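The values are calculated or read from the model by the stated rules, or taken from the named source; none is laboratory data. Nothing here was measured: the structure is a model prediction, and the numbers come from that model. Don't worry about glycine lacking a Cβ; one is built from the backbone with ideal geometry, like all the others, and counts go over all protein chains shown.
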Amino acid sequence: MKLEGVHHVTAITGDAPGNVHFYTRVLGLRLVKKSVNQDDPTVYHLFYGDEKGAPGNDITFFEYPGAAPGRAGAGMVHRIEWRVGSSEALDFWEERLAAEGIETDRANDYLVFSDHEGLEHGLALVETKDEPLTADHPEIPKEFALQGFNGVHAYTSDPEKSRTFFEQTLEFSPSGDAAWEVRGDQRGGFYSFDQTSERGVPGAGTVHHVAWAASMEEHEAWQKRVSEAGASPTPVIDRFYFKSIYFREPSGVLFEIATIGPGFTADEPLESLGEHLSLPPDYEPLRERLEQVLTPLPDPRASRAGK
């Protein structure tokens with residue numbers, strides 16, 4: 001069995017309107033699903049991705065309105081890394097982010113910046129045969145658009161603590177002293193550690209978990225394998241748009257293994273993804289109450305078109 005790279009990364013925001021603005025207008029991603037946290041449906045779950053809402057490009061957020069800022073520490077992901085296709089793309093992003101008043105740090109073919117709540121991102125020039133997962137945006141030329149996840153960087157007090165689990169259970173391949181690559185038939189991604197003993201503080205601008213992609217056919221086998229390794233995964237949970245298991249890797253980072261499918265078009269057409277509040281069938285009876293408590297959000301594409 002092989003995992004197919006990153007499925008999604010989920011973080012926390014205290015400001016859903018600002019979050020929509022940053023990830024759709026500034027970064028040019030598509031809001032592909034406006035739903036709720038299925039463990040706490042009074043909380044938004046917002047999904048941003050490519051034009052088709054393909055798994056493997058979803059950065060997602062739980063909104064806890066007014067949440068205090070957090071700080072990444074040991075046992076937490078601290079940087080999300082994206083692929084771009086050229087040095088010219090990095091030039092474009094350096095200029096675009098500066099025009100938005102966002103500080104950047106450029107070192108050759110790598111650019112680091114943070115969103116409006118302090119969540120750190122890296123843009124890397126990557127040569128790969130993986131399909132570019134891009135979204136359409138009138139201000140961002142297609143050749144400069146973000147192309148999907150390259151991987152994630154996490155903090156740990158001891159990188160060796162997780163090595164056996166990564167390499168023997170999850171079949172990650174070593175790619176440096178404290179980095180691993182996971183690659184399936186269609187795509188891949190990396191996971192790396194930076195060392196710190198500092199404890200983190202969950203909150204706005206921090207990552208909640210990282211999900212890895214698996215086929216529907218192998219998902220239950222992954223649950224069994226993780227369980228046999230002693231990582232105490234949850235049972236398979238049906239999230240309607242995909243199925244999930246959750247567990248913590250030995251350094252404490254919350255992992256998910258999520259299926260590639262059924263996908264975001266399970267309950268709305270591709271053309272109108274993200275325009276309306278989507279609720280899985282079990283949550284549909286709560287719609288009227290939820291629409292009264294969830295933060296009102298604009299449709300970013302309607303706003304862009306002047307509708």
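Scanning region 124-161 for residues that are aliphatic (A, V, I, L, M) and either surrounded by fewer than 21 Cβ atoms within 10 Å (Cβ to Cβ) or more than 18 Å from the chain's Cα centre (by Cα) (or both) returns Ala124, Leu125, Val126, Ile140, Val152. Scanning region 77-95 for residues that are aliphatic (A, V, I, L, M) and under 12 Å from Gly205 (Cα atoms) returns Val77, Ile80. The lone criterion from (1) in contact with a strand residue (DSSP E or B) (Cβ under 9 Å, 6 or more places away or on another chain); (2) aliphatic (A, V, I, L, M); (3) surrounded by 15 or more Cβ atoms within 10 Å (Cβ to Cβ) left unmet by Ala68 is number (3).
Considering region 33-52, and only residues there that are modelled with pLDDT of 95 or more and of a type in the set (A, V, I, L, M, F, W, C), the residue that is nearest to the chain's Cα centre (by Cα) turns out to be Phe47. Of the residues making up region 222-238, those that are closer than 16 Å to Pro250 by Cβ, β-branched (Val, Ile, Thr) and surrounded by fewer than 21 Cβ atoms within 10 Å (Cβ to Cβ) number 0.
The residues of region 189-221 that are in a strand (DSSP E or B) and surrounded by fewer than 17 Cβ atoms within 10 Å (Cβ to Cβ), listed by number, are Asp194, Gln195, Arg199, Val201. The numbered conditions (1) crowded, with 17+ Cβ neighbours inside 10 Å; (2) in a helix (DSSP H, G or I) are all true for Thr164 except (1). Could you list, in sequence order, the residues of region 230-248 that are under 27 Å from Ala74 (Cβ atoms) and either part of a loop (DSSP other than H, G, I, E, B) or touching a helix residue (DSSP H, G or I) at 6+ places or on another chain (Cβ under 6 Å) (or both)? Listed by number, the residues that qualify are Gly230, Ala231, Ser232, Pro233, Thr234, Ile245, Phe247. Across region 239-252, the qualifying residues are those that are in contact with a Pro (Cβ under 9 Å, 6 or more places away or on another chain) and among the hydroxyl-bearing types (Ser, Thr, Tyr), and the one among them that is surrounded by the fewest Cβ atoms within 10 Å (Cβ to Cβ) is Tyr246. Take region 35-59 and flag every residue that is surrounded by 22 or more Cβ atoms within 10 Å (Cβ to Cβ) and more than 15 Å from His116 (Cβ to Cβ). Hits for region 35-59 are Ser35, Val36, Tyr44, Phe47, Gly49, Asp50, Gly53, Pro55, Gly56, Asn57, Asp58. Region 1-49 holds strands (runs of 3 or more DSSP E) entirely within its bounds, and those carrying 1 or more residues that are among the basic types (Lys, Arg) map to 30-37. Of all residues assigned to region 108-118, at least one qualifies as being polar (S, T, N, Q), under 19 Å from Asn19 (Cβ atoms) and at pLDDT 95 or above. When the strands (runs of 3 or more DSSP E) confined to region 74-161 are screened for residues that are within 20 Å of Ile12 (Cα to Cα), those reaching at least 3 such residues are found at 77-84, 110-114, 120-125, 149-156.
Would region 278-287 turn up any residue that is of a type in the set (Gly, Ala, Ser), touching a helix residue (DSSP H, G or I) at 6+ places or on another chain (Cβ under 9 Å) and within 23 Å of Met76 (Cα to Cα)? Within region 278-287 (the criterion being of a type in the set (Gly, Ala, Ser), touching a helix residue (DSSP H, G or I) at 6+ places or on another chain (Cβ under 9 Å) and within 23 Å of Met76 (Cα to Cα)), the answer is no, since none of the residues qualifies. Selection of region 103-123 for residues being buried (at least 16 other Cβ atoms within 10 Å of the Cβ), over 20 Å from Phe190 (Cβ atoms) and touching a Phe, Trp or Tyr at 6+ places or on another chain (Cβ under 8 Å) yields Thr104, Asp115, His116.
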